[in-house]
Structure formats: C-alpha cells, structure tokens
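The structure under discussion appears below in the form of structure tokens.
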Amino acid sequence: MDTARNILACILPKQGLSSMDQLDTTTDRQPVAKRRLADLPGPRSLPIIGNLHQVDRSAMHLSVEAWAREYGPFFRFRIGDRRFVGVADPEALSTLMRDRPAGVRRGAKLERIWIEMGLPVGVFVAEGEAWKRQRRMVMAGFDPAHVREYFPALQRVATRLQGRWSKAAAQGQAIPLQPDLMRFTVDAIAGLAFGAEVNTLESDTEVIQAHLDKIFPAIFNRVMAPLPIWRWIKRPADRQLDRSVAEVKQAIAGFIAQSRARLLAEPARRARPANLLDAMLVAAEANASGLGDADVAGNVLTMLLAGEDTTANTLSWMIYLLHRHPETLARARAEVLDAFGDRGELIHEGLGRLNYVEACAHETMRLKPVAPFLGLELQHDTVIGDVAVPRGTLVWAVMRHASLDEAHFADAGSFRPERWLGDGGPAHAASSAKRVSMPFGAGPRVCPGRYLALLEMKLCIAMLLQRFDILGIDTPDGAAAREQLQFTMSPVGLRMRLRERTAAG
Ligand code: HEM
C-alpha cells in the first residue's frame, strides 16, 4: 500500500531531533515533519492526573472536540499517565486508518481489558495475523447473498416492532426510544449471528441481553478508567460482571454446539449457510484457516456487541432529527409510500430504492456519529500531518470535527439530507464528502456490518413512516437531546409518542 510505504519511508529517528532543520526531512514523495509531539499545543495539564479534571467521562468526546476547535487538527493531552495525540484532520485520519494492521492498531488497553474480563477475542479486538484470519472468516458471513437470504427474518423482527409500537400508540403510552430500538437490533443481530429467534420485542425476560448490557459499558469504563480499581477491590458490580461474562460465554458455547450439530445432520447447509455462525464454522473448518472454536465464539460475541448499540443509537438520532425537520420527514414518507403504498409489504427490492431515506441516514451519521472517536496506537514512528510522532503513542482520532466544518460542508450544522443525493443517490454521493464523514471508519478495518446496518435502518424507518405519525419526541428536560458516551454515543432519555395512521394516510 503506497500510503503505508510513505509513512514507513518517512520514519524519523526517535532521539536526536534537536533542531527544526533535522525535523524537515522533505523529499518530493514524503510527508514533511516540521514539529514534534512536544511542540503541539494542548490544554494545560496537572501533575499525575493530566487533563482528567477537564473532562466528563460520559461526554468525553465533546471535551476533545472542543480542544480540536481551540488548538487545531493536531494537539496533545493526557489522561492520568496516558498521553494522547488528538488528530482531527480527515486526510491524516484516513492515512492512519489505512495503515492497519501493520502500522497502526486499536489501543492495546482495549485488548488487555477484553482478555482480562475473560471475553473471547473477535475481529474488533484482534490484531496482526490473527485479525487477518478472523476478518476473512467474518466477511464470509457478510456476503450480500447471505444477508439477502436472511432478509425474511429481518422483516419478521420489523413486524414485531410494529406490533409493539401499535400497542403503545393504542394505549397512549410514551415509548422509550433507544431501549425499544435496542430490542429491534438485538433480535435482528441474534437471528443473523446464530439463527436464533431471540424475541426481546415480545418478551421482557431475555437473559442474554441483560448480561450483554452489563458487558459493553464495563469495557468502556475500564478502558477509560485512570486506575484499575477493580483489580484491587471487587465491588458487587464487578462480581455481577463476572457472572454476566460466564453466562454469555455459556450461551455462545451452546449456540456453537447447536450449529455444529445442524451442520453435521444436514451437510447441504455447508454450501448455503443460513446464518453468520454457520458461515463462520464452515470457514473456520476449511483447511489451514488457523481458526478454532474460541475464534468463532469471539466473533459471535463481537457481532452482538458491535451490531446492537451502534444501529439502535443511529436510528434513535435519525428519528429524533426527522421529527425536528417536518419537511424532511414528509419527503422521506412520500418516498416510502411511493415505494410500498400505505399497507404494502416492505420488500428488499423496495428498500433499495429509498435513496432519500438513505441520505437521511448518512446525514444523521455526519451530525451524530455513534463512534465520534476511535482509539488507535502507533506501531512504529510515524509522521502524522506535519508532526513526528513516536511509536507507542496513543491517537485519539476525532471523527466528527471535519464533518462540522464549513470548509467541507456548506451550512455544516444543519440537517440537510439533500447534500448526499449525487446523481446516483447516496451510494455515489460526492466521494469528497464520504472521505470526510467516516461514520463506519475507513481502510481495511472499515465496519463489515455497514450494509446490514443501512438495511436495518431503512426497514425500520420505512415501517415507522408507513404506519405511524410521530406526535412528539420528548427529552428529559425539554431541551435538545444530550449526547452520552458509553463506548458508543447515544441520545439521553428520548420518549416518543405515536399515532397509528389509517390506511388512507
Ligand atoms: C449504524 C451502525 C454502525 C455503525 C455506525 C458502525 C460503526 C463502526 C465503526 C466506526 C467501526 C470501526 C471501524 C474502523 O476501525 O475503521 C466499526 C467496526 C466494526 N463493526 Fe460496525 N457499525 C455499525 C453497525 C455494525 C453492525 C450491524 C455490525 C455487525 C453485525 C458491525 C460489526 C462491526 C465489526 C465486527 C467491526 C470491527 C471490524 C474490524 O476491526 O475489522 N457494525 N463499526
């Protein structure tokens, strides 16, 4: 890869950079290093805690974005003894993200915490050769033909959500938006991941979900914690977490055993795996795959964790933004009714024609990316922008900064889905816009679930707009929805009131 080679070519010696003359190693082909990490601006830090006192962990992304606005696209800060370089320049970000897995990895602390919690490692956490093998196996399951075969199961889940919302509308009950959408995405992903009808939409006793809900926030809290208190004192929450991890692992082992038994009983399933777990088992059993049950288990868990909050939170933001922009909502609804009528089945082909709805999703993710930052770590000395940064440095990739910059998007603070409607619809929207707004990441580790996520989102929004009018979406304090970070970023406490539309609309 040229970019990676360029970065490697311009590695600077870690020591002995005593003057700017030595730093400026420009040739025609190489990035120019004019500054060192120590030269970068950044907020004043205190001894021991660094900048910890200036951030609220539940909205830390906002503090770091404010620093990017104040200090520019390259800056430094410190949380306890962890030193970060903040990078908000989209070109530098995509160069870094493309230099994976060789030159750049996810923060090593994430992997340490994950393993320490006893979780099996999947593609999100794996690095190097292990990541390459796992990524191949996972991608086998995301093959568009598999996703298409799985679509009827997705439709059933959407119908169950419709039923749940009909009931709430008839009883005049406010719907807790994000938790209901989590049920939708949990059921959707469970069906895809291991072919199980996990019906959280129609029951309130889904055990695996209750345990997963404890694991995701705990990973985030431990990665962000300045001190590993859980290693010194086991609090009740830590003991509950251990139990949840054990339960989830046992449940996943059960799903693997069932899937293996099905593959043995019906060898024809090997040629046309019915779900991601079947597909991963077949790929893992292939000669020289180098993968075992632990890898398969790690990736079932990864799908459950990576595919739920992300899609549910994005949908929550999208519904919230549509409600606040009635003309946009009316245009999206007109497109849905044109494709399906006011009672028609929401078929796969029709969803493919919902260009405006898809543009609404892209615009939502530009303004409200559920991964507003990525934590990366340099595996070798690297020049980022014009800064020489030593190996081992932690990079806080500020993903939203450029998306809100007028230099890249006219009227950048406004919700205007039209901007994504290039000649060929959102899929072909101006590549410059797509290079700046990267809600699914970029490079070899770009989100493998992105097409599935867009499909789920279009299906859910089509169901909502076809069947219901939104009477209101309330926030806890009546002000604009607040952003909360818990690994992913979600709106706080939205409650939606619906009215069922009559057949004539
Ligand atoms: C709107 C929904 C979603 C958003 C915004 C989203 C966003 C992201 C982002 C930002 C990353 C990191 C990419 C990078 O490092 O460059 C990622 C990785 C990943 N996502 Fe998603 N995601 C979504 C839905 C899903 C779904 C539905 C699944 C699976 C069912 C999924 C599975 C994964 C996996 C396995 C990775 C790790 C890939 C790797 O490290 O190789 N995501 N996602």
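The values are calculated or read from the model by the stated rules, or taken from the named source; none is laboratory data. Quick caveat: nothing in here was measured; it's all calculated off a predicted structure. FYI the Cβ positions are ideal-geometry reconstructions off the backbone, even for glycines, and counts take in every protein chain you see. These accessible areas exclude ligands, DNA and RNA; they are computed on the full protein's heavy atoms, side chains included. Shrake-Rupley method; radii C 1.70, N 1.55, O 1.52, S 1.80 Å.
Please tell me if residue 409 is over 21 Å from residue 98 (Cα atoms) and aromatic (Phe, Trp, Tyr).
When the stated conditions are applied, residue 409 passes them.
Could you tell me whether any residue of the range 390-401 is open to solvent by 30 Å² or more (accessible area, probe 1.4 Å), at pLDDT 95 or above and within 19 Å of the chain's Cα centre (by Cα)?
Taking every residue of the range 390-401 in turn, at least one turns out to be open to solvent by 30 Å² or more (accessible area, probe 1.4 Å), at pLDDT 95 or above and within 19 Å of the chain's Cα centre (by Cα).
Just checking, does the range 358-378 include any residue being more than 16 Å from the ligand (Cβ to nearest atom) and touching a residue at least 40 places away in the same chain (Cβ under 8 Å)?
So far as the range 358-378 goes, no, none of its residues is more than 16 Å from the ligand (Cβ to nearest atom) and touching a residue at least 40 places away in the same chain (Cβ under 8 Å).
Quick grid of which residues meet (1) more than 16 Å from the ligand (Cβ to nearest atom); (2) free of Cβ contacts under 8 Å to residues at least 40 places away in the same chain; (3) loosely packed, with under 14 Cβ neighbours inside 10 Å:
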| residue | (1), (2), (3) |
| --- | --- |
| 187 | no, yes, no |
| 208 | no, no, no |
| 216 | no, no, no |
| 222 | yes, no, no |
| 230 | yes, yes, no |
| 241 | yes, no, no |
| 246 | yes, no, yes |
| 268 | yes, yes, yes |
| 286 | yes, yes, yes |
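(1) under 21 Å from the mean Cα position of the chain (by Cα); (2) within 16 Å of the ligand (Cβ to nearest atom): which one isn't true of residue 112, the others all being true?
Tallying (1) under 21 Å from the mean Cα position of the chain (by Cα); (2) within 16 Å of the ligand (Cβ to nearest atom), residue 112 fails exactly one: (2).
Hey, any hits in the range 380-388 for a residue that's within 15 Å of the ligand (Cβ to nearest atom) and over 20 Å from residue 405 (Cβ atoms)?
There is no residue in the range 380-388 that is within 15 Å of the ligand (Cβ to nearest atom) and over 20 Å from residue 405 (Cβ atoms).
Conditions first: (1) part of a helix (DSSP H, G or I); (2) touching a Phe, Trp or Tyr at 6+ places or on another chain (Cβ under 9 Å). Residue 261 passes all but one, so which condition is the exception?
(2) is the only condition that residue 261 fails.
Please work out if residue 127 is surrounded by 15 or more Cβ atoms within 10 Å (Cβ to Cβ), over 22 Å from residue 452 (Cβ atoms), more than 10 Å from the ligand (Cβ to nearest atom) and without any contact (Cβ under 8 Å) to a residue 40 or more places away in the chain.
no
Does residue 400 count as over 16 Å from residue 73 (Cα atoms) and either of a type outside the set (Gly, Ala, Ser) or within 16 Å of the ligand (Cβ to nearest atom) (or both)?
When the stated conditions are applied, residue 400 does not pass them.
From 295, 338, 278, which residue is within 16 Å of the ligand (Cβ to nearest atom), more than 19 Å from the chain's Cα centre (by Cα) and open to solvent by 20 Å² or more (accessible area, probe 1.4 Å)?
Selected residue: 295, the only one of 295, 338, 278 that is within 16 Å of the ligand (Cβ to nearest atom), more than 19 Å from the chain's Cα centre (by Cα) and open to solvent by 20 Å² or more (accessible area, probe 1.4 Å).
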